[in-house]
Structures are given as structure tokens and as C-alpha cells.
Amino acid sequence: MLWEVDVVLRDGGGDHAAREVTTGAAAHGIAGCTRARTAAGWLIEGDLSREQAERLANTLFADPVTESFVVDVIGAGRLTQPLDGLPTVVHVLPKAGVTDPAGLTAQAAAAALGHRVVVRSLRKYWLPSLDATDVGRLAEKLLANDAIQDVVVGPLAIASLAGGRTWSFAQETITLTGLDDAALEKLSRARCLALSIHELHAVRDHFAAVGREPFEIELETIAQTWSEHCCHKTLTSGVDHVGPAGEARYDNLLKETVFAATRTIRETLGPRDWCVSVFKDNSGVVRFDGDHDICVKVETHNHPSAIEPYGGAATGLGGVIRDVLGTGLGAKPIANLDVFCVAPPDTPAHEIPPGVIDPQRLLAGVAAGVRDYGNRMGIPTIAGAVAFHPGYIGNPLVFCGTVGIMPRGHANAAVEPGDLVVVAGGRTGRDGIHGATFSSIELTSESETESGGAVQIGHAINEKMLTDFVLEASRQRLFHAITDCGAGGLSSAVGEMGATLGADVDLDRVPLKYEGLSATEAWISEAQERMVLAVAPADWPAVAKIAADEGVEATPIGVFTGSGRIVLKWQGRVAGDLDCHFLHEGRPRQRLVSRSMPASRPPLTWSGDTTVTTALLNVLALPDVASKERIVRQYDHEVQGCSVLKPLLGPGEGPADGTVIRGVLGRDRGIVLGVGLRHHLGRLDAYQMAAGGIVEAIANAVAAGADPERIALLDNFCWGDTRRPESLGTLVEACRACHDLAVAFAAPFVSGKDSLNNVFTYTDAAGAAREISIPPTLLVTAMGQLDDVRRAVSPDLKTPGNRLAVVGETKPDMAGSQLSLTGRVSGGDVPTVDAATFRAAIRAVSAARRAGVLQACHDVSDGGLATAVAEMGIAGCLGARISLADVPAAAGAGGGDLGLDLGLDLAIAFAETPGRFVCEVRPEHAAEFARCMDGVRFAWIGEVTSSAHLEIVSTTGASDRIAVDRLAQAWHGENA
Amino acid sequence: MLSPRALILRAPGTNCDHETAHAFERAGGLARRVHVRALAERPAIADDCQILCIPGGFSYGDDIASGRIFALELKTRLGDALMKFRDRGGLVLGICNGFQVLLQTGLLLADPTTGLPEASLAHNTSGRFIDRWVRLSCDPGPCVFLKGLSELELPVAHGEGRFVLRDPARLESLRAAGQVPLTYATDDTGRPTNPNGSLGNVAGACDPTGRVFGLMPHPERFIDATQHPSWQGRLDPSAPGAGLTFFINAVKATA
């Protein structure tokens, strides 16, 4: 019998989902949808009587205080009766095969109550009488995402929830012999392999030497292992580069830039080297205290999030959490960060290409995905950013990061021959087939329908249970190695762990969500929440016991053999047999050509009359600068109890620079996170974009209290089509900047990830082919350390009468600045990083902190000095007076048509010269502060006041005042 | 004298168990984290404990409603053991998800005749999860955990924390009986800090004895001054946070 249970709130006024529908309908211009009601619906299939179904609804599904329910056989008339006079009934259900976390949870709970049933969840809406077109638009824009959900208007007609038939073994051989290049490329496209012609040749030649044609599962394994996503083939290729610094030849770009910087730093540090395991495991590991190491990883999950924002962001976070869990012998995830790059929220509807999700809905979706996954995992989301640029319209960027902690000695792991291959966690389904190869190709307006199978939905509770299991097994040291099933699924996880030893895997033993997966599907599925462990046979009983105690499924599916081959079997028959050496070393290296010449910049031009405070109001309201409180407060940033400096700080709840947590409950040593992203410079000068991002991330961390001598960096390169020499050229320039700055600051890169080919192609209304590329974007994450969290420094102003100093020199380079986005200035040069000066500045600021003379500190970033001081005032609910004439500025600032004075004031107030800080110092500490600044350019520019106004005195001595409350309103977007 | 023992009961998805155990230990107690499966198999584990705490988290994912399945499991597998624990004078504390569980099990604010829950914690009026600090008023009455407290700040972090009563008129009698001892207060500017639309600004409720107590705010997240969002430059960073008092009170009451 198939039952439907609909649960509705007794008090329709509390139906928040209904309110979202009515407001959303109004926003989309759908008239007449002024009222709505919603229900949480459940489909239950099994041997249940009506009475049993009602009892289940009563005990499991409905709240006796707030809700009522209706139970009936699916399709029964009373299930589609009007509610509150609303006649149109719309059902939204997960598509078959899409993970349904609530359904799975309910199914398990029903099983615990003794009912063997299948449960699926649905959402149900009652709407006014609307024409079919409006219902269709509502469904498309607000109610459902057709990549993962089905919409049914009117009664549901579903015969059964059971899906899938048993797959019987069939060996598919793919003939490569005799195929010409065109046929090979056609094959690669048709099978979504994303292999280049050189790679296809290598595969063809390899199997010719072996003396047979490849099996489908072997070809798939090679495609997964060789995908851009898994092996970064562009960044590790050889490049002949021509750039502003001349010609350069790289044999392996990444190795000779980013990795080389880390190697140089480690060699220089010698015995004081504090890196533990970098660029080889799932995350980068560094020393923390006498007992612990810490690790960090930041991943991108751009393509899946473009198609299904909620699921894409949630599984992006789920994946990076497993990266940390799968580092060494397992690390405990203790903090998350997330960064989103999206198109401006006010992008007009006609500028949104077909197949693209509206940026506001997208941002709400990705934030909700991180919220629901991170919060359920019990990992605080402590840091992040949201950045806006029209270039992200078709390719939004979603970065998710996780920090972990592990006992010292857990960083290095090695599989031993004879170890069991144990898969633990969620079951395997068809979800996410071809995610690795999908992420390596371009998105088009058709991607939503073509690649829906690559979209996954997370089930956080499974990952939480998996984490509890892994950490306990790790504590008891019951496994030799562990890795997560991410892109490429088991094929990548087992392939990597068995890269030298090899493994025999019985694919028919992989626990499946439903019948019918082929051996290949089980092998490459990217179903979420799975880890692979290498367990000595003697330890297996203890591992199995912990898994049972935590309610986690763990299954041995094979053995790491020592044969040097990956042998895949189905019920004893060989399905595939690959040489590990060919799989991991057989990919032909490519040599690429790149060039990069930043265009000459138009002269600096000021336009429009304004005052500094008016411009400040405009800048504070810009999306990059404005408060992210609405998102931040949806994240639990305090769970685990280690929070010290939160993302919103001070009595006025202003923005933090770096955020700080304790590494271990009850101990005082801290971890600081900062992020840097100068995306507006990406198209102007990729080198300075990257350099500025590094400086911003480090400045964030140091302002909060990080020791500048112990900052680990992560790179996340997101680029457009790097097959073009000009685009690759900017990537090379960014890599060069990473090398140069890391060495200059002795801040090693410890891990990274790239996402290339972020180009969106579509046909516009006039029938012309269009493409939109993202601006070259490097996200830099800085993970710092602080010996005593009680000496952390927050940016909120503390006490009237304290003095304000600015550290660092201001230069009038306005290109890419927030002020330029307001239209008040155009042209000018790109702000440049002076590495030696910045290194001296962070050491000086850190010395001042250690001397105890920093009352507040804020780095100067988006929106320049005026914005920084305004944010400090907003956070502290205090005013300040600053004099622009006192700000150390480079000669030649200002100028242009508006006349020297206003241009000069605006330049000083809003230039985004990297590497500056604003510091609050008590008058009696001024001399000590100045001593700490020895050799560093700084100046006293004003003081904290009790007036609740920000007063900015211009270079000509004119005073310009504005209430801090008004600044706060602008920053909170309350000005319109 | 032996330190009182606190049993921190966790389920799949519980995620505040470590810091809650840490808070009891900072207060001078001994804390033991126990999985609900283990307790169901051997209820005697609770025999030498004086305090039972259900900490925060998303038990079983909270995919149907917060605390629903955990509560169902407690009722069906441990109902008698919990009643026995309460009746022999054990203290019971439910924080956030634990509060939701206590209400749904009927250990707290159940109709005395039917045993059905009288109160529930519904979705916040904003419709969204929220993490923020709130100001709270304490009128301890019989509530053991709040002894000596009048006003304090704590963080909340929940999506379902709106206190509702089946019969809203019951609020007055609950007040009179001292059963709603913790409420959201107004801030310095006079604005209410009620973050979720709770009836009567109720943030926490106890049974008539004051020994079974549930609350939405997280006292275990304010045991050090440095956990406060404005500590830097304003509070002594080495001082304890006000939330520690909850745990000290519990430990003292059972010592």
C-alpha cells in the first residue's frame, strides 16, 4: 500500500514557507498569488494498515501541539481538497534517484518502530486559482529546481516508490584500435570522458601494447584519474610564457612556482620548519602545539552549485570536511569557511542568460546549503566572504574550507599490503556520476538538463555519524590510511590509496542505495558521505564494532594487494584490470603557450561632485562591502565552544578581519583565519590581483593577532578558458605572484585547488553565440596561529579619547576600487604590493599587539581607509575624528578634472593600497606604539570620540561629519 | 567527597556534547558522554550519575522536526529509566535540541492526565536558523540551575526555538508556578532580544521541582569571557563567563 501523509500547521499565520511563496510571486510579477499554504508531505510504501499509517503520522510526523495531519491512500480525493479555500495543489518531489535526506531519516525511524517501509518526502503547496502558465512559472522560479525535483500539479499518481532492477554482469569492451582522431574525440564526448586527443592516443597505445581493447570500466577509471579536477593537468603542465617580466619556461608550472616557494621557505627555516605534510595529502598539515598538528583545505564546488545551489554548496562543504577527516590518520574538523562569488543581486532579468539561476536565488540557495550542512555537522562556520562581479553570472564560485586538528604523529599514513579496503558511510547510488569530468568542462545553457546526474544532494547526518566513527577508530589507531570518496568516487579513492600497491576490489560488495547499478556505476559514483579506510585484517573486528555502535555501515570490499594492479571484480569475474603505473604516470604531459601583457591604463579621471561622507555612504552600501549579517547569522559560528573572535564583533556587531578560535577546548593557543580576494583586479592585472589577495588574507589574520612568522596559505585558482594563451598567461602571472609573495613573507602555501574552464556559453535572444568568462579569481586563505587567545585584537573602537594611527602609505591607485564602482572615479593604476614594506608592517603591528598597546586593529581593504574607520565605529558604537592631511600619502595623489583637493581627499579616503592597518591606541601607549613602528611608515590621524559621529577633516581643513548610525544603516542596506 | 557525575546523552547528530562535558568538568563535576544506543542496552550506566544532560545538536538530522526521533527513541526504549532517574532526585538539563527533546518526551510540561506535551518549540518566526547573543532575565524560583542569577547574556543558535503552548492561557499558571524562569529580555536600547517569537519571551522552562530544566540558549558557550562577542577591551579575558554558573549550580546541588 502507498500512503500519503500531509502535515500542516494549525496556525496558518506561522506558515513561513507560504509567506516566501507569496512574496516571491509578487517579486516575479505573478499577480493573484496573495495567499498560500504549505504542507510537509510523506509517501510511505509498505505493508501498513490505515490505523498503522495514522499512528505513524501521529507519533513520527506531526507535532501534537502545533500541527495536524491527513492520511490517505495516494491519489485519494481528500488529499487534494482545497485548504483555506485555496484550490490549486502543487507537489514538489525529489526526482527518482536523487538523495532524499528527510525521507531516509523517516524511513530509518519507521524501521526502529518496527515498520519496514520505503519513505519519500515531498513539499505540498495550496495556491489560489491561477492559470497554468503562472503555476508553471511559480514552480520554476520559486518552488522547485528541475535538475533535482519533479513538480506535479493536482493529484499524485505514483504506483510505487521502489526503483531499480538487478543488474546482471555484462562486460563492455570499447574498441579504440583503428579509430582516427575525430572518432576518438567523438567517443570521449559521447561518454563524457573529457580526455584530450593526446591522452586518448596514450590510452589507445597502452592497450595496443597490452594486446586487448579496454573495458568500459577501465576507460572510465582512466578518465576520472586523469580529469582536470583530479590531477590539475593545466597547472602542472609545461608552459612557455611571455609576460611583463620577460620570457619564462616552466616544465611544471605549479611545482616551479607555488610548490617551489614552500620548498624554499622550508629549507630556509631548516630545523624551525613548521610544515608537516604539504601538497601531498587531502589537506595541508602544519605544527600547532606540543601535542597537535592542524590542517586546512579549501575546495571549490562551482559547477554543481551553478545548477543546484543548495545541493552543490552543501556537498561542497561535505566534501572538504571529508578531506580533513581523510588527512593522515584522520583529523577532527573544527572550523569551516565559505566564500561565494556571484553576480550582483540587482542584475536585471533581461541580463540573465537562459539556463542561469537568478543571482539572488542562487546566493540564498548556496548560503542555505552551507548552513544546513555545516550546522548539522556541528562545525562552526567562522569565516568567509561574498564577492560580486557580473562575470560570475553563469559561473558562480563556491569555495568551502575546513580546518582540522589531529594528535602529533597522525599526519603521515601508509597503506600496508594485505590491508582490507573498507568503505564506510553512505550507500552508493547513481548520484554524481561524472562529477569529476563534468567539473572539467564548460557550462552551457543546456547543462542543467544534460548534467543533472552530476548534481548531488547531501545527507549531513550520515556524515556526522561517519565523522564520529572515523574519529573514534582514529583515536584507537585502527586503520593505516584513510581518504574520502570525492570526485571520481571509489575509483579515485581506492586508486589513490592503492597507487603503488594496487588493490583487488569486489564491486558487487559495495552497499547500494537501490538495485541496478552496473559495476562501472558503483565504481565511479560520487554518492556523498563515504570514506575508504585501509584496515589490517586483525583490526577489522574492532572497526566493525565502532561502526555498529555509531550506526554507520562499514563494509570490506577488497584488499590492497601489492600487485601494482587495480583489479575489479563482479561476483568473482574480472571486470577490469589496470596497471597502476600507467594509471598514475601514463598521462602524457602537455606543453602550453601563454602570454600576458597588462594593457596600459587610462588616466585617472574624477567625475561628479560629492563629499567624502556621501561617497562613504555609497561605498558602505555596495554589495562587496555591505553587511553580510543576514548570511552570517544563519551559520552556527560558535558550536564546539572554541569561539574567540567571531565574524561579527563588538556592541555594534561590525565585521571582523580574521576570526579566532581556540585549537583545543580549555587551552589558550589559537587559530586565526583570514581570506583575501581582489577579484576586481583580475581582468586588470592578474599578478597584482593575486599579490593583493595574499596581502589581504595575511593582513586579516595579523590584525586579529596572528603571529606573522607562522602563517600558512592556501590557493584556490578559478579561471576562465585556460586553453587560450592570454587566459593561461594571467594564470601564470598569478602563480608567479604566489611564489614571490610567499617567499617574501615566509608564508608557505600548504594546499590548494583549482577550477578552470569557468566559461558560460549560450545563444542570446537574437540568435548570436555568446560567452561569459569569470574574471581571473584567486582566493587566498591564511591560517595563522596565536600563542594566547586572550591577546587577540578586535577591530571595534573601544574608548573615546584613544588615538588612531594608520600604518602604511596610501597611494592614489584607484583602478578596481570600490569607489570606482560608484562611478566617481575611473582609470588610474592598479594598486601594487610592496612586499618588503608589508613584511615590516605586519611585524610592527604584531610587536605592538604583543606589547599590549593595540586596543583595536583593522586592516584597510575594500573601500579604503574611510570604510575601515567607519566599520570600526559601527562595530564599537563610537565616533571618530580623522584628518586626511595627516595620512601618509605618496606624492602625486589626487589630481584630475575635479580639481586637486576633492580628488586628493577621495583618493586618500578610498584608495585600496594593500597592506595598511588602522590601530586604536591609548594616549599613554602612544610612545610605545611608535617604538614598535620603528622603520615603518605610520602616522597619527585622529582619535576616538564619544560624539557618535565620524568626522573627516579634508586636506584643506574642511570638516565633514556624519552620524555613525547613518553609516550603520547604509552598511546594513537600510538606506533605500 | 566524590565529584558529581554528569551523563551527557548523545544521539546521532548531537554536536554540543564535548563542550557541554567540558563545562561540567570546569564546574567541578565529572562528565561522561554516552550514546543513546549504549544507554538503551545498559540503562544501569545512569545509576551512578546525578545529572543527565541532553546537549545541543541536530539529533537524527532533525529532518522531520527537531528532537522528534531522539524523543521517540527515549520514550520507547528508556522511558522507565528516565522517570526513575528523575524520581530519585537526579537533575535533568536539556540545552537547545535537548530542550526540544525534553518537551517531546513529556519529561517537561506534559499534560498530567494525558501525558501529552503541552508545549513545543516551533520554527522561528523569521523562518531561518539564527546564531546571535541575547540578553536573558532570570527569575530562578525553584529552578536549581539558575540559582543566584538575575540577568545574563548567552548565545542562541537554532531554527526551531519558538516556545508555544497548546493553550496559550496556560502561560500565566506556569509563570505563577515558577516554571518559566528564563526569558528573553530587552537590550540597552529597550528593544526585545527575543530571537524567535517565543510566547511570553520564554527562553527556558522547568518542572515544578526545578530539577528538570530545558532552555534554548547555550550556557556551555559562555564559560570563558573570551566567548562573548565584545570581550576584547571590555571584559577580563581570564574571567569565567556567566554560563558557567548553570553548571556550578548543578554540581553544587548534587554534591
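This table checks each residue for (1) without any contact (Cβ under 8 Å) to a residue 12 or more places away in the chain; (2) buried (at least 24 other Cβ atoms within 10 Å of the Cβ).
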| residue | (1), (2) |
| --- | --- |
| A:ALA701 | no, yes |
| A:ALA704 | no, yes |
| A:ASP721 | no, no |
| A:PHE749 | no, yes |
| A:PHE760 | no, yes |
| A:ALA768 | yes, no |
| A:VAL780 | no, yes |
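Among residues of region B:98-125 being touching a Pro at 6+ places or on another chain (Cβ under 8 Å) and under 30 Å from A:LYS646 (Cα atoms), the one that is nearest to the other protein chains (Cβ to nearest Cβ) is B:ASN124. The C-beta contact set for region A:412-431 (first residue among the acidic types (Asp, Glu) and buried (at least 21 other Cβ atoms within 10 Å of the Cβ), second residue modelled with pLDDT of 95 or more and assigned to a loop (DSSP other than H, G, I, E, B), distance under 6 angstrom, 6+ apart or interchain) comprises A:ASP419/A:HIS480; A:ASP419/A:ALA536.
Would you mind finding the one in A:ARG116, A:ARG78, A:ARG55, A:ARG123 that is charged (D, E, K, R) and surrounded by 16 or more Cβ atoms within 10 Å (Cβ to Cβ)? Explain how you work it out, then say what you get.
Working: A:ARG116 fails: surrounded by 16 or more Cβ atoms within 10 Å (Cβ to Cβ); A:ARG78 fails: surrounded by 16 or more Cβ atoms within 10 Å (Cβ to Cβ); A:ARG55 fails: surrounded by 16 or more Cβ atoms within 10 Å (Cβ to Cβ).
Within the list A:ARG116, A:ARG78, A:ARG55, A:ARG123, the selection yields A:ARG123.
Return the residues of region A:303-328 that are out of contact with any strand residue (DSSP E or B) (no Cβ under 7 Å at 6 or more places or on another chain) and over 14 Å from A:GLY378 (Cβ atoms); say none if nothing qualifies. Within region A:303-328, A:PRO304, A:ILE307, A:GLU308, A:PRO309, A:TYR310, A:GLY311, A:ALA314, A:THR315 qualify. Listed by position, the helices (runs of 4 or more DSSP H) enclosed by region A:487-603 that each have at least 1 residues that are within 33 Å of the chain's Cα centre (by Cα), free of Cβ contacts under 8 Å to residues at least 40 places away in the same chain and surrounded by fewer than 16 Cβ atoms within 10 Å (Cβ to Cβ) are A:540-550, A:580-585.
May I ask you to list the residues in region A:1-32 that are part of a loop (DSSP other than H, G, I, E, B) and among the small types (Gly, Ala, Ser)? Even if it seems obvious, please write down each step before you answer.
First pass over region A:1-32, keeping only residues part of a loop (DSSP other than H, G, I, E, B): A:1, A:10-11, A:15, A:28-32.
Of everything in region A:1-32, those that are part of a loop (DSSP other than H, G, I, E, B) and among the small types (Gly, Ala, Ser) turn out to be A:GLY29, A:ALA31, A:GLY32.
The residue list A:VAL421, A:VAL356 contains one member that is more than 14 Å from chain B (Cβ to nearest Cβ), assigned to a strand (DSSP E or B), of a type outside the set (S, T, N, Q) and over 14 Å from the mean Cα position of the chain (by Cα), which is A:VAL421.
Could you tell me whether B:ILE51 is surrounded by 17 or more Cβ atoms within 10 Å (Cβ to Cβ) and either at the interface with chain A (Cβ under 10 Å from one of its Cβ atoms) or in contact with a His (Cβ under 9 Å, 6 or more places away or on another chain) (or both)? Please lay out each step first, then the result.
Numbers: surrounded by 17 or more Cβ atoms within 10 Å (Cβ to Cβ): yes; either at the interface with chain A (Cβ under 10 Å from one of its Cβ atoms) or in contact with a His (Cβ under 9 Å, 6 or more places away or on another chain) (or both): no.
Spelling it out, it is not the case that B:ILE51 is surrounded by 17 or more Cβ atoms within 10 Å (Cβ to Cβ) and either at the interface with chain A (Cβ under 10 Å from one of its Cβ atoms) or in contact with a His (Cβ under 9 Å, 6 or more places away or on another chain) (or both).
Annotation: A:LEU113 fulfils all but one of (1) within 10 Å of chain B (Cβ to nearest Cβ); (2) in contact with a strand residue (DSSP E or B) (Cβ under 9 Å, 6 or more places away or on another chain); the unmet one is (2). For residues in region A:1-15 being modelled with pLDDT under 90 and buried (at least 17 other Cβ atoms within 10 Å of the Cβ), which is nearest to the other protein chains (Cβ to nearest Cβ)? Taking the candidates together, the pick is A:GLY14. Restricting the search to region B:86-126, which residues are among the small types (Gly, Ala, Ser) and without any contact (Cβ under 8 Å) to a residue 60 or more places away in the chain? Listed by number, the residues that qualify are B:GLY106, B:ALA110, B:GLY115, B:SER120, B:ALA122. Suppose the filter is under 24 Å from A:ASP15 (Cα atoms), surrounded by fewer than 19 Cβ atoms within 10 Å (Cβ to Cβ) and within 14 Å of chain B (Cβ to nearest Cβ); does A:SER68 pass it? Answer is yes for this residue. Considering only residues in region A:81-110 that are more than 14 Å from chain B (Cβ to nearest Cβ) and within 36 Å of the chain's Cα centre (by Cα), the one that is surrounded by the most Cβ atoms within 10 Å (Cβ to Cβ) turns out to be A:HIS91.
Tell me the residue from B:ILE95, B:ILE130 that is within 11 Å of chain A (Cβ to nearest Cβ) and surrounded by 16 or more Cβ atoms within 10 Å (Cβ to Cβ), please.
B:ILE130
Considering region A:389-411, and only residues there that are more than 30 Å from A:PHE717 (Cβ to Cβ) and in contact (Cβ under 8 Å) with a residue 60 or more places away in the chain, the residue that is surrounded by the fewest Cβ atoms within 10 Å (Cβ to Cβ) turns out to be A:ARG408.
Conditions tested, residue by residue: (1) farther than 30 Å from B:GLY115 by Cα; (2) more than 14 Å from chain A (Cβ to nearest Cβ).
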site	(1), (2)
B:LEU199	no, no
B:VAL202	no, no
B:ALA205	no, no
B:ARG221	yes, no
B:PRO229	yes, no
B:PRO240	yes, no
B:THR245	yes, yes
B:THR254	no, yes
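Evaluate region A:368-388: report whether one residue or more is surrounded by fewer than 24 Cβ atoms within 10 Å (Cβ to Cβ), within 14 Å of another protein chain (Cβ to nearest Cβ), touching a residue at least 60 places away in the same chain (Cβ under 8 Å) and among the hydrophobic types (A, V, I, L, M, F, W, C). Checked against the condition, which is being surrounded by fewer than 24 Cβ atoms within 10 Å (Cβ to Cβ), within 14 Å of another protein chain (Cβ to nearest Cβ), touching a residue at least 60 places away in the same chain (Cβ under 8 Å) and among the hydrophobic types (A, V, I, L, M, F, W, C), region A:368-388 yields at least one hit.
For region A:654-668, name all the residues that are more than 7 Å from chain B (Cβ to nearest Cβ) and not small (Gly, Ala, Ser).
Quick first cut of region A:654-668, residues more than 7 Å from chain B (Cβ to nearest Cβ) only: A:654-664, A:667-668.
The answer is A:PRO655, A:ASP657, A:THR659, A:VAL660, A:ILE661, A:ARG662, A:VAL664, A:ARG667, A:ASP668.
For region A:155-176, does any single residue satisfy the condition of being within 14 Å of chain B (Cβ to nearest Cβ) and at positive phi? No.
If only one of A:ALA870, A:ALA856 is surrounded by 23 or more Cβ atoms within 10 Å (Cβ to Cβ), away from every other protein chain (no Cβ under 13 Å) and of a type outside the set (Lys, Arg), which one is it? If you could, list the steps in order and put the result at the bottom.
Values: A:ALA856 fails: away from every other protein chain (no Cβ under 13 Å).
The match here is A:ALA870.
Among the helices (runs of 4 or more DSSP H) confined to region A:866-976, the ones with at least 3 residues that are at pLDDT 95 or above and aliphatic (A, V, I, L, M) are located at A:926-932, A:964-971. Residue pairs whose Cβ atoms lie under 7 Å apart, sitting 6 or more positions apart in sequence or on different chains, and linking a residue in region B:193-218 that is among the aromatic types (Phe, Trp, Tyr) to a partner that is crowded, with 22+ Cβ neighbours inside 10 Å and at pLDDT 95 or above, are B:PHE213/B:LEU93; B:PHE213/B:CYS143; B:PHE213/B:PHE145; B:PHE213/B:GLY204; B:PHE213/B:CYS206.
With respect to the conditions (1) more than 29 Å from B:PHE163 (Cβ to Cβ); (2) among the acidic types (Asp, Glu); (3) in contact with a strand residue (DSSP E or B) (Cβ under 7 Å, 6 or more places away or on another chain), A:ASP47 falls short on a single one, namely (3).
Select from region A:793-816 the residues that are small (Gly, Ala, Ser) and buried (at least 24 other Cβ atoms within 10 Å of the Cβ) and write down the one among them that is farthest from the other protein chains (Cβ to nearest Cβ). Break it down stepwise before answering.
Of the residues in region A:793-816, the ones small (Gly, Ala, Ser) are A:794, A:801, A:805, A:808, A:815-816.
Still in the running and buried (at least 24 other Cβ atoms within 10 Å of the Cβ): A:794, A:808, A:816.
Working: A:SER794: 4, A:GLY808: 23, A:GLY816: 32 Å.
This residue is A:GLY816.
The values are calculated or read from the model by the stated rules, or taken from the named source; none is laboratory data. None of the values given here were measured: they were computed from a predicted structure. No Cβ is skipped: glycine too gets one built from the backbone with ideal geometry, and neighbour counts run over all protein chains shown.
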